[in-house]
Amino acid sequence: MQKFFDDMLHKNVECYVDDLVVKSKKRENHFHDLRKVFERLRRYQLKMNPSKCAFGVTSEKFLGFIVRQRGIEIEQAKIDAMLRMPEPRNIHELKSLQGKLAYLRRFISNLAGRRPLILYVAAQERSVGILLAQKNDEGKENALYYLSRNMTPNKLKYSPIEKLCLALIFSI
């Protein structure tokens, strides 16, 4: 598909494998852009499934994302699934979580910007807490996010280093 629409890609056409989106900067140009795409489809004898087509929409689900005039958003179902995920219990689950978070990174505006994030973890006798911070232009740290949690009875028996590790896992 990409070679058939090479000159249109990222201008008024986006494609992934056999999925295609025709986009227009102005509503009045959309009919013209569609006509060019249809001509190209005919030239290469490509067919579309009418039941999978949507025309003239201002937002549509595409490849698991919601494509709108103002940009691309992640589906609420994917956000809900991430929020329901259990805490990682081993290195494999932690790497899996990191991959999922990397997937979401582009949807978090100005994530860390150009400055590094600073993560503070604390473990008390009965609770753990984290603080995510970032230095501003003057070099002063600004708190971005706070989180704390009381430990369950079985976790109260953890050693101090295990409690710090628990706080670190809790932070992600």
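Tell me which residues, restricted to the range 15-47, are part of a helix (DSSP H, G or I), within 21 Å of Ile66 (Cα to Cα) and without any contact (Cβ under 8 Å) to a residue 12 or more places away in the chain.
Listed by number, the list holds a single entry, Arg27.
Just to be sure I understand, how many residues within the range 146-161 are surrounded by 12 or more Cβ atoms within 10 Å (Cβ to Cβ) and more than 12 Å from Glu125 (Cβ to Cβ)?
Number of matching residues: 3.
Among the residues in the range 99-113, are any under 30 Å from Ala143 (Cα atoms), in contact with a strand residue (DSSP E or B) (Cβ under 6 Å, 6 or more places away or on another chain), surrounded by 10 or more Cβ atoms within 10 Å (Cβ to Cβ) and modelled with pLDDT under 80?
yes
Evaluate the range 139-147: report whether one residue or more is under 20 Å from Leu94 (Cβ atoms) and out of contact with any Phe, Trp or Tyr (no Cβ under 9 Å at 6 or more places or on another chain).
Scanning the range 139-147, I find at least one residue that is under 20 Å from Leu94 (Cβ atoms) and out of contact with any Phe, Trp or Tyr (no Cβ under 9 Å at 6 or more places or on another chain), so the answer is yes.
The values are calculated or read from the model by the stated rules, or taken from the named source; none is laboratory data. Just so you know, these numbers come straight off a predicted model, no measurement behind them. Because the Cβ atoms are built from the backbone with ideal geometry, glycine has one as well, and the counts that use them run over all protein chains shown.
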